[in-house]
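Values quoted throughout were computed directly from the atomic coordinates according to the rules given, and no laboratory measurement underlies them. Predicted, not measured: the structure shown is a model, and the values here were computed from it. Here the Cβ positions follow ideal geometry from the backbone for every residue, glycine too, while neighbour counts run over all protein chains shown.
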Amino acid sequence: MTQQTLDKQESPDQLSDILLVLDRDKKKIQAVKSIDEKGNMETVEPTKKNQNQFMRVDKSGDFFSNFFSNFFSQLKNPTNFSFFKVPAPLAIDTASAMQQQVINPTPEGKQLMKNHEVKIESQQEEKQVNQNNMETTQATPETNEYRYKPEQIDWETMNNLGLSKDKLEKMNLLDPLLKGYKTNELVPVSLNLGTAVTRMDARLSLQVNDDGQVVVAIHGIRKEPNLNFEFFGHKFTEEDKNNLLQIGNMGRVVNLTNPKTGETIPSIISVDRLTNELVALRTDKIKIPDEIKGVKLDDGQKQTLAEGKPLYIEGMISKKGAEFNATVQFNADKRYVEFHFDRSGSNQQMQSLGQTNQQNEVREVPRKFRGKELDDDQYNKFKDGQTVYLSGLVDKKGKEYNGYITFNKEVGKIDFSFQNPNKLKEQAKPTEAHKTQTAVNSEGKTNEATKHIKEPLKSGQKSPDSKKQQEQQEQPKNPSKSKGVKR
């Protein structure tokens, strides 16, 4: 065993930082001990007596950034606190000095707290910027080639996380990592610092830091996406939040700002459904296929998907050969077009969310139907919700057929019928004879020619049709003789 290894085992304090917190309401500096499942933070007095209870965090910049983002996202009422990162050997003295600053502010104390303060937004931005210039937290390569080599990985760090090369290979995780993908499943991660052990489930990815070194990024699980802070300069609207929470995709292109270069980057935003991490993808990296499940996309449909909006497609063919319809949308985390099937009304939510912007609604109405392009007159009627007759449609066997289409604006769906739905509605209206029959039989109303008939009328019947009914109808005309009183 080398002296360096011995020093690491004997001096875990040299490897870790302590997280201090200022409760703004109580105006008190404490050392963080843990955080429970409900998001409540447990703290202890920063004294030598409690030193073994302090939460210790690997002082490595990348690990701390990942850890703190995950920690902060789980915290209940995070805006009530300010956090500070201090070296373990200096934690008690620094906490005491900070408490004095809270009680009696001085310029020196203010600078001390500023030097150690953990900036929430800067931590999130630094983490994202390191991930391939904000392309995405899933640095997927354009091809299936390998982006990294096994020898570029810091295996000592991996071993500290409880993940050896052999273990990653057995879990089938090394290959996607080397290709630049995030692991497609959560991985149990543990870190043993001698006096403290941290365990969590997370997705992993490999990224290049500012020094050109390949580092491990830990994408920890969050309770929910952090939508209350600006995301690279973008402030989420209520509609943005609803889309991300309900569907997982924001549904529009926004300009994000690289905090280091100031570059404005048009991007779409989605939620990593395994970790609740926000993922941005610049629009010039969006690749829209020419065809989805047998349906060839026109330029308008491609444009809709490229703008991050949902698109309803009919007539797709599954692997089993069955025809199906579904809403599709480009996902920034997965970096491909995903399907949203109708589960408990979610598909209807997709349609309504994607069509609230009136300016873009017209563009989402397709110009083609089953390969047949509408002329200007047909298209104008179609997008206004009117029924349009189409001839020359061709089925899968090459036979021509005709029909009627109507665009349902409420759900963004095309309704098709072989018969004119407007005439079907007219035919469905009750006739005058049917109205008379219903009124007499069910509503207690009368028809002069049949009002004394006691049995139900037949369909369309307006007069007595039997001797019995005729007698019933005429009987009231012959008033019964009054019986006299015998004297």
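Tabulated results
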read-out	value
Under 5 Å, built H, 5+ apart or other chain: amide partners of residue 236	231
Residue-by-residue Karplus 3J(HN,Hα) for region 309-316, coefficients 6.51, -1.76, 1.60, Hz, glycine and proline x	8, x, 9, 8, 10, 9, x, 6
Sorted by Cβ neighbour density within 10 Å, fewest at the top, the residues 186, 374	186, 374
Exceeding the 26 Å Cα-Cα cut-off - candidates 48/114; 85/285; 285/319	85/285; 285/319
Residue order, fewest to most surrounding Cβ atoms within 10 angstrom, among 324, 407	324, 407
Estimated vicinal HN-Hα couplings, Hz - region 19-31 in sequence order (Karplus 6.51, -1.76, 1.60; Gly, Pro = x)	9, 9, 9, 10, 7, 5, 6, 8, 6, 9, 8, 10, 9
Derived scalar couplings ³J(HN,Hα) [region 213-224; Karplus, 6.51 cos²θ - 1.76 cosθ + 1.60; whole Hz; x for Gly, Pro]	8, 7, 10, 8, 9, 10, 9, x, 7, 10, 4, 7
Gain on full stretching of the segment that runs from residue 213 to residue 28 - 0.36 nm per residue minus C-alpha separation	62.6 nm
Most to least packed among 42-48, 109-115 [average Cβ atoms within 10 Å]	42-48, 109-115
Given 165/320; 38/165; 235/372; 165/293; 149/287, the pairs whose alpha carbons are separated by over 31 Å	165/320; 38/165; 235/372; 165/293
Which of 117, 471, 151 has the fewest Cβ neighbours within 10 Å, and the rest in rising order	151, 471, 117
Amide H contacts under 5 Å for residue 189, placed H, 5+ residues apart	200, 201, 202
Loop sites in region 142-189: chymotrypsin sites (Phe, Trp or Tyr not before Pro), DSSP, at most 14 other Cβ within 10 Å	146
Across 302/397; 296/397; 381/423, pairs whose alpha-carbon gap is larger than 19 Å	302/397
